[in-house]
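For reference, the structure discussed in these notes is given below.
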Amino acid sequence: MSPRPKKTRKCEASFCGHAYKPTGTPLSELKQIELHRDELEALRLCDSEGLTQEEAGLRMGVSRGTIQRILTVARKKTSTSLARGYAIIFVDDEE
């Protein structure tokens, strides 16, 4: 059995192809962590705009549980990158 197809997620902001990195070190010398478009959107909606997970889920067209799973992964990636000095690379799943 193959897994269920991934539901399309509505994302407003897109920084794909961009990176966030510590200053003074070339990107090629840093460990890189990919932050997917839906992860960035969930962080933006819940942490920047202050929406509840349910409200964010409605905006993105997914369930509250899906938002919770996306946020857990996105927050871990972001905190690890900031604490260890890794680069965050913004990628688009739709490419």
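Bear in mind these aren't lab numbers, they're just calculated from the coordinates by the rules spelled out. Keep in mind it's a predicted model, so treat the numbers as computed, not measured. Note that each Cβ is placed from the backbone with ideal geometry, even for glycine, and that neighbours are counted across all protein chains shown.
Quick rundown of the values:
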{"item": "Footprinting exposure proxy for Val91, Val62 (fewest neighbouring C-beta atoms within 10 Å first)", "result": "Val91, Val62"}
{"item": "Taking Tyr20, Tyr86 and counting other C-beta atoms within 10 Å, the order from fewest to most", "result": "Tyr20, Tyr86"}
{"item": "Exposure proxy order (Cβ contacts within 10 Å, fewest to most) of Asp38, Asp47", "result": "Asp47, Asp38"}
{"item": "Sparse-neighbourhood loop sites, trypsin sites (Lys or Arg not before Pro) in the range 16-79 - DSSP loop, at most 11 other Cβ within 10 angstrom", "result": "Lys31"}
